[in-house]
Each structure stands twice: as structure tokens, then as C-alpha cells.
Amino acid sequence: MRKDHSVAAVAAAMGLAAVVSIALAEDSSAPTRTDQADVGPPAGTPNLPPVIVLKSHEVEGILGKEVRSAAGEDMGRIVDVVVDRAGQVRAAVIDFGGFLGVGSRKIAVDWNSLSFPSPSDKAGRIVLEFTRDQVKAGPEYQEGKPVVVLGALGKREPFPLQ
């Protein structure tokens, strides 16, 4: 009796595999969109919001990424991103200085003072327009306190509290 059940299970699995492969073959003939355009939900799928497809080679997370000065100096790593109440990115928080996390300080730098690598740049370095001395003199970022952002011209400008 056991043989009959295992044969039936194998036959059912093979039938399911055939149905899935037919469905996939039908789906693969449908046109697909791989550009960065809005793509609506499949027909018959109610209440799903539209999605945007971003090509993986065009996007990348930045937390933990190394930051260098224009002169190639190690400036630290990005550990946080500061946005205002309108959702606009205002600053990057860099874990600056120290050795193996000892003696480091967090400095908020103006978002516009960062240059991001082009997709063709294999090194993929984020470059900060300040020198180590300018950042070292900057005020420390402290969570829960007013954010003072090292500005694009090297000046200090308070983060507006609304």
C-alpha cells in the first residue's frame, strides 16, 4: 500500500511541475518592463499600489560606505542620513576619526558636499569636499540634540527645527 501512495505523490508532483512550467512559459511571452517606469499591478489583482522597478546596477545603499576627501584622505563611514520634516535629505552623518571605533566622533555634513560615484566608477568612492582638518573642527552630531550641519562652504549652519 505504501508504494501506491508514493507513486501517487510522485505523479501529483510531476503534474504540478508541468502546470507551473506551462504558466511560466505563458508569462515569459508577455512583454516585460525593465526601465524605471511605473508598473501597475497584474490584471485581476485588486488594491495593489503601483511599483517602480529600479535596476540593481543603478542603486545602492550608502550606510557603512567609506567616504574620502578629494585628496584621498579617509574621512570615515556614513552611519546615518538626516532628513527634514518634508522628507528632503539634508545631511549625512559620518563616523569620523578614531581607530577601530575608539575615539571617533559623528559629524553631520551637508548632503550637497558629497559626490557620489558614477556607475562606471569601479572604486565606488563617495567623496566629501572638505579636508580632514575642516571635518575635525566640525561640531559633533549627538542624537536627540539640535543637528548642526557642516555646510557646503565649510560654515556651520543649524538644522531648522519646525
Item checked: List K122, K145, ordered by accessible area with a 1.4 Å probe, largest first -> K122, K145
Check: In terms of modelled amide H atoms, which long-range or inter-chain residues lie less than 5 Å from the amide H of S104?
Finding: F99
Note to self: Between T131 and H57, what is 0.36 nm times their sequence separation minus the Cα-Cα distance? Round to one decimal in nm.
What the structure shows: 23.6 nm
Check: Taking H as built 1.01 Å from N, whose amide H comes closer than 5 Å to the amide H of K65, not counting residues under 5 places away?
Finding: I78
Next item on the list: For the stretch 51-62, take each phi angle, set θ = phi - 60°, evaluate the Karplus expression 6.51 cos²θ - 1.76 cosθ + 1.60, and give the result in whole Hz per residue in order, putting x for glycine and proline.
Entry: 10, 10, 9, 10, 5, 4, 7, 9, 10, 6, x, 10
Next item on the list: Could you pull the accessible area for D80 with a 1.4 Å probe, rounded to 10 Å²?
Entry: 60
Next item on the list: Using amide H atoms built 1.01 Å from N in the peptide plane, name the residues 5+ places from L150, or on other chains, whose amide H lies under 5 Å from its own.
Entry: A108, V109, D110
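The values are calculated or read from the model by the stated rules, or taken from the named source; none is laboratory data. No experiment lies behind these values; they were computed from the predicted model shown. SASA here: full protein model, heavy atoms, side chains in, ligands and nucleic acids out. Shrake-Rupley method; radii C 1.70, N 1.55, O 1.52, S 1.80 Å.
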